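What follows is a single structure, written as structure tokens, with notes after it.
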Amino acid sequence: MRIAVLDDYAGVALRLADWSGMGEVVVFRDTLADEDRLVARLGPFDVVCVMRERTPLPGRVLSRLPRLRLIVTTGPRNAAIDVEAARANGITICGTASRKTATSELTMAMILALSRRLAPESAALLDGRFQTGLGRDLAGATLGLIGLGVIGAQVAALGRAFGMDVCAWSRNLDDARCAEVGVSRCASLADLMARADVASVHLVLSERTRGLVGADAFAAAKPDAVFVNTSRAAIVDTKALLDALREGRLGMAGLDVFDEEPLPPDDPVLDRALIASGRLLLTPHLGYATEATFSLFYRETVEAVRAWLAGTPVRVIAAPWSA
């Protein structure tokens, strides 16, 4: 049995779980975007273990991997895997549980870092300058949540703990859910952007949410507003976001997710002037990258492989999902 563990950027997979006794385990720390190279890499393996959506596995790749019998994804779903093609090729796909608190904590950390100018003030201090600007208070400010699922509700609670007024909007959001979480409901995305001092995205990516936050939304925003996305990059029109920042129609933005990951060195989002000014904060998809989360991911990945080898039930992903 040969097992491939993909995209272990931090080099922690073997440390966080016991992979012994299952066969040969090979860990890859890089991501291959070229499909021919990916097929050549995965061809010798019976089992492939993936980290979230870092490596897409479309049907045209899966059909070229006749030896592959099992894919284990960290997390309970993975939109980068063609589930129907896997089934057609006799490949079982199963997932792990996931922790929800890590992303909400990072969201709040980014809001605080932007509002209190942590990155530019730290850089200025190292450059011999002391207190070059003033931060903004969260207490009394309005936090607008685009999406009010599990993570959105956690961010709402964190915002209230800092004394923020919280409102929310999504296409299917109703008053009952808002009352349950303790937030007010906005009439539209434009209404939310107009009200929010801080706006944060917490939606599942689907065809209904792809490109949802675009030029019209940023046109409605307060010119000093903070915008944060720790969800999925494709929900936001990145060009429209950068244009709003450069033209002074949006105050600050924090992005933990990108249209292409790992982020290419020539990506337009790497705007050095915006970053140096403290108006743009970029982090390398850290929302779920914590010790506790990855320990859970890799332990349950190993458990899934062992269960599959033993012929016992595994957490099977049987169909595509939607928002």
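Observations on the structure shown:
- Filter result for Ala13 (farther than 30 Å from Ala141 by Cα and either touching a Pro at 6+ places or on another chain (Cβ under 8 Å) or in the same structural domain as Gly163 (by TED's automatic domain parsing) (or both)): no
This table checks each residue for (1) touching a residue at least 12 places away in the same chain (Cβ under 8 Å); (2) over 30 Å from Thr96 (Cβ atoms).
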position	(1), (2)
Leu212	yes, no
Leu242	yes, yes
Arg279	yes, yes
Leu282	yes, no
Leu296	yes, no
Ala307	no, no
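- Residue among Val61, Val72 that is touching an Asp or Glu at 6+ places or on another chain (Cβ under 7 Å), outside any loop (DSSP other than H, G, I, E, B) and β-branched (Val, Ile, Thr): Val61
- Test: residue in segment 191-199 that is of a type in the set (Gly, Ala, Ser), touching a strand residue (DSSP E or B) at 6+ places or on another chain (Cβ under 6 Å) and part of a loop (DSSP other than H, G, I, E, B): yes
- Qualifying residue in segment 96-105 (condition: of a type in the set (Val, Ile, Thr), closer than 18 Å to Phe294 by Cβ and assigned to a helix (DSSP H, G or I)): yes
- Contacts under 6 angstrom Cβ, first residue in segment 75-87 being part of a loop (DSSP other than H, G, I, E, B), partner modelled with pLDDT under 90, 6 or more apart: Arg77/Trp321
- In segment 120-128, the count of residues that are within 23 Å of Leu281 (Cβ to Cβ) and within 24 Å of the chain's Cα centre (by Cα) is zero.
- Here the condition is being surrounded by fewer than 20 Cβ atoms within 10 Å (Cβ to Cβ) and either outside the structural domain of Tyr298 (by TED's automatic domain parsing) or on the phi > 0 side of the Ramachandran plot (or both); of Gly43, Gly90, it holds for Gly90 alone.
- Condition check for Thr74: assigned by TED's automatic domain parsing to the domain that holds Asp197 and either on the phi > 0 side of the Ramachandran plot or of a type in the set (S, T, N, Q) (or both): no
- Scan of segment 1-36 for residues that are among the aliphatic types (A, V, I, L, M) and either touching an Asp or Glu at 6+ places or on another chain (Cβ under 7 Å) or over 12 Å from Tyr298 (Cα atoms) (or both), ordered by number: Met1, Ile3, Ala4, Ala10, Met22, Val25, Val26, Val27, Leu32, Ala33
- Going through (1) touching a Ser or Thr at 6+ places or on another chain (Cβ under 9 Å); (2) touching a residue at least 40 places away in the same chain (Cβ under 8 Å); (3) buried (at least 16 other Cβ atoms within 10 Å of the Cβ) one by one, Val150 falls short only on (3).
- Strands (runs of 3 or more DSSP E) within segment 1-50 that include 1 or more residues under 21 Å from the mean Cα position of the chain (by Cα) and within 17 Å of Phe294 (Cβ to Cβ): 2-5, 47-50
Every residue, every condition in (1) modelled with pLDDT of 95 or more; (2) assigned to a helix (DSSP H, G or I); (3) closer than 22 Å to Arg54 by Cβ, yes or no:
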position	(1), (2), (3)
Val204	no, no, yes
Arg210	yes, no, yes
Asp216	yes, yes, no
Ala219	yes, yes, no
Val257	yes, no, yes
Leu270	yes, no, yes
Ala273	yes, yes, no
Gly287	yes, no, yes
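- Residue in segment 67-86 that is modelled with pLDDT of 95 or more, polar (S, T, N, Q) and surrounded by fewer than 23 Cβ atoms within 10 Å (Cβ to Cβ) present: no
- Among the candidates Cys178, Cys186, Cys167, residue that is in the same structural domain as Arg272 (by TED's automatic domain parsing), buried (at least 19 other Cβ atoms within 10 Å of the Cβ) and over 20 Å from Ala221 (Cβ atoms): Cys178
- Residues considered: Val305, Val269. Of these, the only one that is of a type in the set (A, V, I, L, M) and more than 30 Å from Leu134 (Cβ to Cβ) is Val305.
The values are calculated or read from the model by the stated rules, or taken from the named source; none is laboratory data. These figures come from a predicted structure and were not determined experimentally. We place every Cβ from the backbone using ideal geometry, glycine too, and count neighbours over all the protein chains shown.
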